[in-house]
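Engineer: What follows is a single structure, and I will ask about it in a moment.
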Amino acid sequence: MKILAAVVTHNRCTLLERCVDHLRAQTRQPDAIVVINNASTDGTVEMLDAKGIAHIDQANVGSAGGWNRAIAHCLEQGFDAVWLMDDDGFPDTAALAALEREIDASTACVSSVVLREDERSHFVFPFPLLDRRGLPVLAQRQRKLATLRELEQIAPSGTYPFAHFFNGALVMRAAIEAAGSVDTRWFMFGDEVDYFFRLRQVGEVRSVLAARHYHPDVARRPLTPTKLYYYLKNTLILNRIYFDKVALRHLATLGIGLARYGARNGWGNLAATLAGPQRGLVPRAIIRGLRGRIGADLDG
């Protein structure tokens, strides 16, 4: 099997270099590495050239545009699978080997579990408990699994039928040809959820517990108003396309989005966003989300 490792980056040269070094240290080497460079201005190109790493330079078309280009490169160059990841995390040296072992004829995608780089027992993105339809449960006391040990207890086979893209997701060429590529209209949020469900329609998508990907704890990162806008708008759209109990999920989306923004940015900052010069941001996200307006439209 020919596997392409593809990293999407924008102005994270130091973290990208760490990721590339870990790709080169894999016990099962990827057959090629390519970096999709979304208009970095921080020395990324010079670093990649010095290391002899192939890169495709393009305008900053958001994460979705980066994944789309990486997948196109996989198809154009005749690879059997593409291993997709962002620039700020890095794979364990045995990650690709562990993923490849779990591939069978039913596989659309196998993905790593994403652990905090400074607390490797805990997930960066907690795993949802799933109902009988494979959807995240909503009205239940425990909804998430925060640690690797918790997931191991309910997934004794070593795999779990849910995945957080794009931090070590190995996508099969046949699945790409059946489901299509990442939809660039999502721009900077929701592309990973949309692609997960589309791939799941054509084959099995599983997280492999033995495949580890390490990542900074994003719960500590401030959110920009732009990210809040796209989180709210795009999640409302995703709720209607893929989920049940849509009204309840809409309410949860608003509560979680605003609480997350306040916790990371400060509650005064949240109040200023809701009542200050940007007070139209959240209502606009809600209206456009309910109307299904996918696209990079914040200034429109």
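The values are calculated or read from the model by the stated rules, or taken from the named source; none is laboratory data. Nothing here was measured: the structure is a model prediction, and the numbers come from that model. Note that we place each Cβ from the backbone using ideal geometry, even for glycine, and neighbour counts take in every protein chain shown. Side chains are part of the model used for accessible areas, which takes the heavy atoms of the whole protein and leaves out ligands, DNA and RNA. Shrake-Rupley method; radii C 1.70, N 1.55, O 1.52, S 1.80 Å.
Engineer: Spot the failing condition for Leu16; the list is (1) open to solvent by less than 20 Å² (accessible area, probe 1.4 Å); (2) over 17 Å from the mean Cα position of the chain (by Cα), and only one is missed.
Structural biologist: (2)
Engineer: With (1) farther than 30 Å from Gln201 by Cα; (2) open to solvent by 20 Å² or more (accessible area, probe 1.4 Å); (3) in contact with a helix residue (DSSP H, G or I) (Cβ under 6 Å, 6 or more places away or on another chain); (4) assigned to a helix (DSSP H, G or I) as the list, and Leu298 as the residue in question, which single condition is left unmet?
Structural biologist: For Leu298, the failing item is (4).
Engineer: How do the pairs read when you match residues in the stretch 244-264 that are farther than 11 Å from Leu228 by Cβ with residues anywhere that are surrounded by fewer than 16 Cβ atoms within 10 Å (Cβ to Cβ) and of a type in the set (Lys, Arg), using Cβ under 8 Å and keeping only pairs 6 or more apart or on different chains?
Structural biologist: Sorted first by the residue in the stretch 244-264, then by its partner, the pairs are Asp244/Arg133; Val246/Arg240.
Engineer: Can you find, within the stretch 119-134, the residue that is farthest from Phe166 (Cα to Cα) among those that are part of a loop (DSSP other than H, G, I, E, B) and at pLDDT below 95? First the steps, then the outcome.
Structural biologist: Looking only at the stretch 119-134, we keep the residues that are part of a loop (DSSP other than H, G, I, E, B), and these are 129, 131-134.
If we keep only those that are at pLDDT below 95 as well, we get 131-134.
Details: Asp131: 23, Arg132: 25, Arg133: 23, Gly134: 20 Å.
By that ranking, first place goes to Arg132.
Engineer: Another question, if that's okay. Do you know which residues across the stretch 210-225 are out of contact with any strand residue (DSSP E or B) (no Cβ under 8 Å at 6 or more places or on another chain) and not in a helix (DSSP H, G or I)?
Structural biologist: Once the filter is applied, which keeps residues that are out of contact with any strand residue (DSSP E or B) (no Cβ under 8 Å at 6 or more places or on another chain) and not in a helix (DSSP H, G or I), the stretch 210-225 yields Ala210, Arg221, Pro222, Leu223, Thr224.
Engineer: Mind telling me which of the residues Gly292, Gly276, Gly268, Gly280 ends up being in contact with a helix residue (DSSP H, G or I) (Cβ under 7 Å, 6 or more places away or on another chain) and either of a type outside the set (Val, Ile, Thr) or farther than 20 Å from Phe166 by Cβ (or both)? It would help to see each step written out before you state the result.
Structural biologist: On the way: Gly276 fails: in contact with a helix residue (DSSP H, G or I) (Cβ under 7 Å, 6 or more places away or on another chain); Gly268 fails: in contact with a helix residue (DSSP H, G or I) (Cβ under 7 Å, 6 or more places away or on another chain); Gly280 fails: in contact with a helix residue (DSSP H, G or I) (Cβ under 7 Å, 6 or more places away or on another chain).
That would be Gly292, the only listed residue that is in contact with a helix residue (DSSP H, G or I) (Cβ under 7 Å, 6 or more places away or on another chain) and either of a type outside the set (Val, Ile, Thr) or farther than 20 Å from Phe166 by Cβ (or both).
Engineer: Where the second residue is open to solvent by 70 Å² or more (accessible area, probe 1.4 Å) and modelled with pLDDT under 95 and the first is more than 22 Å from Ala247 (Cβ to Cβ) and outside any helix (DSSP H, G or I) and lies in the stretch 265-289, which pairs have Cβ atoms under 9 Å and are six or more apart or on separate chains?
Structural biologist: Final answer for the pair search is Gly266/Pro222.
Engineer: Then there is this: Report the residue count in the stretch 281-300 for those that are at pLDDT 95 or above and closer than 23 Å to Pro222 by Cα.
Structural biologist: 7
Engineer: When the stretch 204-256 is examined, which residues are found to be among the charged types (D, E, K, R) and open to solvent by less than 60 Å² (accessible area, probe 1.4 Å)?
Structural biologist: Of all residues in the stretch 204-256, those among the charged types (D, E, K, R) come to 204, 206, 212, 217, 220-221, 227, 233, 240, 244-245, 249.
Once the filter is applied, which keeps residues that are among the charged types (D, E, K, R) and open to solvent by less than 60 Å² (accessible area, probe 1.4 Å), the stretch 204-256 yields Arg206, Asp217, Lys233, Asp244, Arg249.
Engineer: Can you name every residue in the stretch 168-182 that is open to solvent by 10 Å² or more (accessible area, probe 1.4 Å) and either touching a Pro at 6+ places or on another chain (Cβ under 7 Å) or not in a helix (DSSP H, G or I) (or both)?
Structural biologist: Let us first name the residues in the stretch 168-182 that are open to solvent by 10 Å² or more (accessible area, probe 1.4 Å), namely 172-174, 177-181.
The answer is Met172, Gly180, Ser181.
Engineer: I've got another one for you. So is Ala59 open to solvent by 30 Å² or more (accessible area, probe 1.4 Å) and within 22 Å of Gly190 (Cβ to Cβ) or not?
Structural biologist: Numbers: open to solvent by 30 Å² or more (accessible area, probe 1.4 Å): yes; within 22 Å of Gly190 (Cβ to Cβ): yes.
Here the answer is yes, as Ala59 does meet what is asked.
Engineer: Let me ask something additional. In this structure, does Arg185 turn out to be loosely packed, with under 15 Cβ neighbours inside 10 Å, over 20 Å from Glu100 (Cβ atoms) and of a type in the set (Lys, Arg)?
Structural biologist: Details: loosely packed, with under 15 Cβ neighbours inside 10 Å: no; over 20 Å from Glu100 (Cβ atoms): yes; of a type in the set (Lys, Arg): yes.
Considered against the rule, which asks whether it is loosely packed, with under 15 Cβ neighbours inside 10 Å, over 20 Å from Glu100 (Cβ atoms) and of a type in the set (Lys, Arg), Arg185 comes out as no.
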